[in-house]
Amino acid sequence: MAAPRRRSLWSCCGHGWSWATRCCRVPGLCSSRTWGPLGAWPLSQQKRAAETHFGFETVPEEEKGGKVYQVFENVAKKYDVMNDMMSLGIHRVWKDLLIWKMHPLPGTQLLDVAGGTGDIAFRFLNYVQAQHQRKQKRQLRAQQNLSWEEIAKKYQKEEDPLGGSLVMVCDINREMLKVGKQKAMDQGYRAGLSWVLGDAEELPFDDDKFDVYTIAFGIRNVTHIDQALQEAHRVLKPGGQFLCLEFSQVDNPFVSRFYDLYSFQVIPVLGEVIAGDWKSYQYLVESIRKFPNQEEFKEMIEDAGFQKVTYESLTKGIVAIHSGFKF
């Protein structure tokens, strides 16, 4: 049985939603930190704990979640269109590579965090269904002596085309989930798919529950990346795999100059023209530059308890896929 978890409430906070933790309202249960005179933290710790970045802007830590929520609420309806425009469609190849690197088998239980519009979830379902169909064909070829009637009955008895696989899409943003659910209905995805409103920093799942955890273009937006990584480790089964697809550091000076020019001069303009929102896409571009490089992020994943951590840079380092295992 999983150890008891802190129970949290959703509370409206400014433009977005934040977790209100019950334990912090009960004296003595908030933390085991050592306090200074009069219950105050040392000033250096106070400043470090109280401030973080929102793009290039320094903001109070408690405000970042609401600001990020507002960004994705604003862009949700145009999110997929803008991904195609900003990346010239290359994001589709990156996401395909993430699934191929995962190589899920029928029966895999996947948690896709920050996956609101369903891009990773739908690819996962397509992949495991194709794997399951190939497995069926191999089994039938191995039974050459079956009659056509027996073969037909075998297919009819097959109730789950996914072989027991399930993907749980978890996102903190209601609008992103709404867009994902509508896409699933329009494209006919129903079996093996669930949607959950939840925070990457405090996942609403028991320990040791999933075979694979994915997060694509989402982890740089959380306030405490280290906490999100620890939560990923907690919910994975022993032997489970962590996979992260995220923007990273370009390794070619010429490409880097062109990439910066395109990012800061073109992408916000596209955001204004297509989505009517310059500021949100300015933030998204800036947030990429504030994210750790490949090696730094690898160390963070290792610090969270993952082993055999590796990464693969794609498109000259514009993005990277990081992988790690829980043992």
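Below are the figures for this structure:
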{"quantity": "J(HN,Hα) series, region 78-93, from Karplus relation 6.51 cos²θ - 1.76 cosθ + 1.60, nearest Hz, glycine and proline x", "calculated": "10, 4, 5, 4, 5, 4, 5, 5, 5, 9, 6, x, 5, 4, 5, 5"}
{"quantity": "Accessible surface of region 260-315, 1.4 Å probe, proportion on carbon and sulfur as whole %", "calculated": "51 percent"}
{"quantity": "Probe 1.4 Å, accessible area per residue of region 203-311, Å²", "calculated": "45 Å²"}
{"quantity": "Estimated vicinal HN-Hα couplings, Hz - region 220-233 in sequence order (Karplus 6.51, -1.76, 1.60; Gly, Pro = x)", "calculated": "6, 8, 7, 6, 10, 4, 4, 5, 5, 5, 5, 5, 4, 5"}
{"quantity": "Above-threshold pairs, the threshold being 29 Å between Cα atoms, out of 78/237; 95/209; 279/326; 64/298; 209/308; 237/298", "calculated": "78/237; 279/326"}
{"quantity": "Mean Cβ neighbour count within 10 Å, used as a protection proxy, ranking 168-180, 188-200 highest first", "calculated": "168-180, 188-200"}
{"quantity": "Coarse-grained scattering of region 252-327 at q = 0.13, 0.15, 0.16 Å⁻¹, given as base-10 log I(q)/I(0) from a Debye sum over alpha-carbon atoms", "calculated": "-0.53, -0.65, -0.71"}
{"quantity": "Solvent-accessible surface (1.4 angstrom probe) belonging to residue 73, in square angstrom, nearest 10", "calculated": "70 Å²"}
{"quantity": "Potential lengthening between residue 265 and residue 279 on full extension [0.36 nm per residue; Cα-Cα distance subtracted]", "calculated": "3.8 nm"}
{"quantity": "Estimated FRET transfer efficiency (residue 96, residue 258; beta-carbon r; R0 35 Å; 0.05)", "calculated": "0.90"}
{"quantity": "Gain on full stretching of the segment that runs from residue 227 to residue 307 - 0.36 nm per residue minus C-alpha separation", "calculated": "27.1 nm"}
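The values are calculated or read from the model by the stated rules, or taken from the named source; none is laboratory data. Quick caveat, the model's predicted, so the values are computed rather than measured. As a convention, Cβ positions derive from the backbone with ideal geometry for all residues, glycine included, and neighbour counts pool all protein chains shown. In case anyone asks, the SASA skips ligands and DNA or RNA and just uses the protein heavy atoms, side chains included. Shrake-Rupley method; radii C 1.70, N 1.55, O 1.52, S 1.80 Å.
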